[in-house]
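Beneath this line is the structure, given in structure tokens, with notes to follow.
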Amino acid sequence: MSGKQSDFNHLMNYNIDIRGRTIYLDDEINEDSASLFIKCLRYLDKTSGNIIIVLNSPGGCVTQGFAIYDAIKLCNNEVEIKVLGMAMSIASIILQAGDKRLMAQNARYMIHVGDMEVEGHFKNVKRAVAENEAMDKICVDIYTEKIKEVNPNYKRSQVQKLMEFDTYISSQRCLELGLIDEIEEGH
């Protein structure tokens, strides 16, 4: 294997294509995937040029998703996020951080209130519930802000209603709502 091919394969193991200024976020969002993603993003953001994120994720840990969201929002360069496959749960929030948000025609989007598993002392359970409600509020705020850019009369209560259960949304409906900027179609 040539040196260039070996270097390329090595970098792809870390989900980054430096020449294409592309990062692949194509797994569950957890501490490891968020840490790797943020390091790759910071690496590309040290130089000038648009950054592309290819997103295909079922979601995962909300706090790690917020870390990714914030890292994207803090970029000096424009960030384009393309959904191939799915942007579900916290991955649907990560998509909203992009300066340009695209979905493939057959990609799927899903929003809901955060899941929670907690046990222990009653007061700790109450605190955990309050924290989960606070994170849900952040998500509602993010979705509402983006939707209102296209649909100024859309109500916060309508977003909350969408989030009551797992709500699956097509790329066309995401475009109509303002959750993406464009549907990316093949040739």
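Read the figures in this text as sums done on the coordinates, not as results from a lab. Just so it is clear, the model here is predicted, and its values are computed rather than measured. Positions of Cβ are generated from backbone atoms using ideal geometry, with glycine treated the same way; all protein chains shown enter the neighbour counts.
Listing for the model above:
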item: Listed residue pairs exceeding 28 Å between alpha carbons, taken from 100/137; 39/100; 73/137; 100/161; result: none
item: Modelled FRET efficiency - R0 35 Å, residue 119 with residue 73, Cβ distances, 0.05 increments; result: 0.55
item: Between 0 and 90°, nearest 10: helix 31-45 axis offset from the chain longest Cα axis; result: 50
item: Exposed-site-free run, longest, the chain (rule: GluC sites (Glu not before Pro); DSSP loop; at most 12 other C-beta within 10 Å); result: 1-77
item: DSSP bridge pairs, the chain: antiparallel proportion in percent, nearest 5; result: 20
item: Cα-based convex hull volume of the range 3-184 per residue, rounded to whole Å³; result: 120
item: The range 104-187: chymotrypsin sites (Phe, Trp or Tyr not before Pro) in DSSP coil with no more than 10 other Cβ atoms inside 10 Å; result: 165
item: Helix 62-73 vs. the chain, principal-axis angle (Cα, 0 to 90°, nearest 10); result: 50
item: 10 Å binning of all Cα-Cα separations within the range 124-187, expressed as whole percents from 0 upward; result: 20, 43, 24, 11, 2, 0
item: In the range 140-169, the trypsin sites (Lys or Arg not before Pro) that fall in loop regions by DSSP, at most 16 other Cβ within 10 Å; result: 155
item: Relative contact order (%) - the range 1-160, alpha-carbon pairs under 8 angstrom, separation at least six; result: 16
